[in-house]
Amino acid sequence: MSKKQPAQAPAPTVAPPAGLPGRLTAAAALTALEGLALAGLGVYMLFVGIAGDPDSPQQAETGGITLLALAALPLIAARGLRLGRRWSRGPALITQLMALPVAWTLYSTGGAMIAAAVALAVAAVAVVALLVNPTATEALGIGPGEQAR
């Protein structure tokens, strides 16, 4: 005889709050793109360190692991921004402030890195501008007299 199992309720999903401003969605998308780029570069460095022939395999592997760990910050912040979480603004802003010196270093190397530097700097400044916008701060519940989320 077979026993019927009771129907299980679907797992709760976390949905973004209704009415999330486009500025916050754009900031989340750019921050996630930066995180994905870091993760992709980390995977590439790991692959080169393991399967390639770098000058220093240990340095390539350590760099890859470091980039993967650093990619977690913007990815988690982007998810928080997409869900309208108040805490996510800080890590997203920190990510952008860390990106600006990296963009300057890329620009200083010259050559093809200038395009990457300009793209990174534009993205970082855009996200900062989007996150300090009053519409975004209000949507996140940041401001005088606001309660924490």
Would you mind computing, in nm to one decimal, how far apart the modelled labels at residue 94 and residue 70 are, each placed 7 Å from Cα along Cα→Cβ? 1.4 nm
Descending Cα extents along the principal axes, the stretch 74-149, whole Å: 48, 21, 15
For residue 86, what accessible surface area do you get with a 1.4 Å probe? Give it in Å², rounded to 10. 70 Å²
Gyration tensor (alpha-carbon) shape descriptor, the stretch 43-117, a/c threshold 1.5: oblate
Percent relative contact order for the stretch 62-149, counting Cα pairs under 8 Å at least six residues apart, stands at 25 percent
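The values are calculated or read from the model by the stated rules, or taken from the named source; none is laboratory data. Computed from a prediction, not measured in an experiment: that's the story for all the values here. Here the Cβ is made from the backbone with ideal geometry for all residues, glycine too, and neighbour counts use every protein chain on show. Heavy atoms of the whole protein, side chains included, go into the accessibility calculation; ligands, DNA and RNA do not. Shrake-Rupley method; radii C 1.70, N 1.55, O 1.52, S 1.80 Å.
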